[in-house]
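Accompanying notes for the structure given below.
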Amino acid sequence: MNTIRIGIIKEGKVPVDHRVPLIPAQVEEILKSNSNIQIKCQRSEIRCFSDAEYEAAGALMVDDVSDCEIILGVKEVPLNMLSDGKTHFFFSHTIKKQEYNRELLQEILKKNIRLIDWECLTNKDGQRLIAFGRYAGIVGAYNGILTFGKRYNLFHLRPAHECFDMDDMKTEYEKVALPPVKIALTGGGRVSKGAMEVLNGMGIRKVSPAEFLNEYFNGPVYTQLNTRDYNRRIESGDFDRDEFYQSPEKYESAFLQYARKSDILIAGAFWDPQAPVLFTKDDMVQNDFKIRVIADVTCDIEGSIPSTKKPSTIDDPVYDYNPSNDRVEPPFKDEANVTVMAVDNLPCELPRNASEDFGKEFLKHILPNLIGEDTDAIIERASITNEGGLTTRFKYLQDFVNGN
């Protein structure tokens, strides 16, 4: 039986990312269960787990993983760290023709690399098998509540990235003392489920959309909104989920009814540019637009939420949006402004927990198809490039690669 060499690359993208695709305990589990696998780990001083922990788990510590057939990473790999003729796993941010990664895709093709994008690993029904979405929701909701407390000087929480892990972050929950605010949470996937973990953990009551709109509560509440709750057909007829995703132009937003009742918005729903925006700049200047803190987990710049004018950073997570002049201002500058949290790499704030969950999904869903028979074409569907060319599913990127 031939030995399969798997390399864990040192993250090279700036700003620094402390996450890993496999934690040391999972390396040990793989090695104990597969005698034909060897795992090499490129030495790194930035990982959330130390080199010593990986070495103790059985990984071979090296300065270069280019001799490994399979190389695992998280973020985009710098051009000079790409290994000719090998299989690279990472989030490439190329499938939407992201201009800033055109050269990356060109170099991958030039070096005859098989690029497998974590984002494209799905089951037969198109559902993603591995993601950091849960922790984006967890940190996004936490940051939203932290921001509200700071804006109104109600309480002060340690930022998530200053906590050792999620258990440490949870010790901050007892500091939360909210007035009877209403929180709208959009989405029904991993992100919103992660956000609900935090809201529930803080003792914030969940209510139905109808209760949210029509009733008064003497304590803080939140409601979870799915696409049918805040989109309606332009013509008469009931909301049809399949039709909405296939022909979103037939729908318009019905979110303003919630914006008039909400103090905090946690945006966790995927947004298609063809779909209606949640609300407009003009909506935000109306006297009955009540939202004052927006935690935009999706971070679509000038997408469904017009106040998300730019991404923020872990070190500088919030800014104010002035709806009267459509400009970004320093945070907490004016009560008429809306405070926006739009950190675009939220799982990095809890890298140990996020990495552990990610690695579990890799072991369960990806590794068996990678080293064995790819029975459901999971690996095949996620391969953007192979043997020096774009695969059939991603031929639409050819003009992008060509510079058009």
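How many of the residues in segment 186-236 are assigned to a loop (DSSP other than H, G, I, E, B) and aliphatic (A, V, I, L, M)?
Number satisfying all stated conditions: 4.
For segment 150-168, state whether one or more residues are aromatic (Phe, Trp, Tyr), open to solvent by 30 Å² or more (accessible area, probe 1.4 Å) and farther than 20 Å from Val343 by Cα.
Yes; the residues of segment 150-168 include at least one that is aromatic (Phe, Trp, Tyr), open to solvent by 30 Å² or more (accessible area, probe 1.4 Å) and farther than 20 Å from Val343 by Cα.
Restricted to segment 36-51, and to residues that are touching a residue at least 12 places away in the same chain (Cβ under 8 Å), polar (S, T, N, Q) and assigned to a loop (DSSP other than H, G, I, E, B), which residue is most open to solvent (accessible area, probe 1.4 Å)?
Looking at the filtered set, the residue picked out is Asn36.
State all residues of segment 87-112 that are open to solvent by 40 Å² or more (accessible area, probe 1.4 Å), touching a residue at least 12 places away in the same chain (Cβ under 8 Å) and closer than 22 Å to Leu129 by Cβ; if no residue qualifies, say none.
Within segment 87-112, just His93 meets the criteria.
Any residue that is closer than 27 Å to Val14 by Cα and touching a Gly at 6+ places or on another chain (Cβ under 8 Å) - is there at least one of those in segment 271-283?
Checking segment 271-283: at least one residue is closer than 27 Å to Val14 by Cα and touching a Gly at 6+ places or on another chain (Cβ under 8 Å).
Among the residues of segment 52-74, count how many are assigned to a loop (DSSP other than H, G, I, E, B) and open to solvent by 20 Å² or more (accessible area, probe 1.4 Å).
6
Where residues in segment 252-264 are open to solvent by 10 Å² or more (accessible area, probe 1.4 Å) and either assigned to a strand (DSSP E or B) or in contact with a Pro (Cβ under 7 Å, 6 or more places away or on another chain) (or both), which of them is farthest from Tyr230 (Cα to Cα)?
Glu252
Considering segment 13-33 alone, what residues qualify as being part of a loop (DSSP other than H, G, I, E, B), open to solvent by less than 30 Å² (accessible area, probe 1.4 Å) and not basic (Lys, Arg)?
Asp17, Val20, Pro21, Leu22, Ile23
If only one of Lys309, Lys290 is more than 25 Å from Leu199 (Cβ to Cβ) and either open to solvent by 30 Å² or more (accessible area, probe 1.4 Å) or not in a helix (DSSP H, G or I) (or both), which one is it?
None of the others qualify; the one that does is Lys309.
Could you list, in sequence order, all residues of segment 1-12 that are open to solvent by 80 Å² or more (accessible area, probe 1.4 Å) and at pLDDT 90 or above?
Thr3
I'd like to verify a number: residues in segment 352-394 that are part of a loop (DSSP other than H, G, I, E, B) and closer than 18 Å to Ile70 by Cα, how many?
Matching residues across segment 352-394 total 7.
Being under 28 Å from Lys124 (Cα atoms) and in contact with a helix residue (DSSP H, G or I) (Cβ under 8 Å, 6 or more places away or on another chain), is that true of even one residue in segment 307-318?
Within segment 307-318, none of the residues are under 28 Å from Lys124 (Cα atoms) and in contact with a helix residue (DSSP H, G or I) (Cβ under 8 Å, 6 or more places away or on another chain).
Which one is farthest from Asn2 (Cα to Cα) among residues in segment 25-61 that are of a type in the set (Ser, Thr, Tyr) and in contact with a helix residue (DSSP H, G or I) (Cβ under 8 Å, 6 or more places away or on another chain)?
Selected residue: Ser44.
Considering only segment 199-207, I want to know if a residue exists there that is free of Cβ contacts under 8 Å to residues at least 24 places away in the same chain, within 19 Å of Tyr135 (Cβ to Cβ), open to solvent by 40 Å² or more (accessible area, probe 1.4 Å) and of a type outside the set (Val, Ile, Thr).
Within segment 199-207, one or more residues are free of Cβ contacts under 8 Å to residues at least 24 places away in the same chain, within 19 Å of Tyr135 (Cβ to Cβ), open to solvent by 40 Å² or more (accessible area, probe 1.4 Å) and of a type outside the set (Val, Ile, Thr).
The values are calculated or read from the model by the stated rules, or taken from the named source; none is laboratory data. The structure presented is a predicted model; accordingly, all values stated were derived computationally and were not measured. As a convention, Cβ positions derive from the backbone with ideal geometry for all residues, glycine included, and neighbour counts pool all protein chains shown. Just the protein is used for accessible areas: all its heavy atoms, side chains included, with ligands, DNA and RNA removed. Shrake-Rupley method; radii C 1.70, N 1.55, O 1.52, S 1.80 Å.
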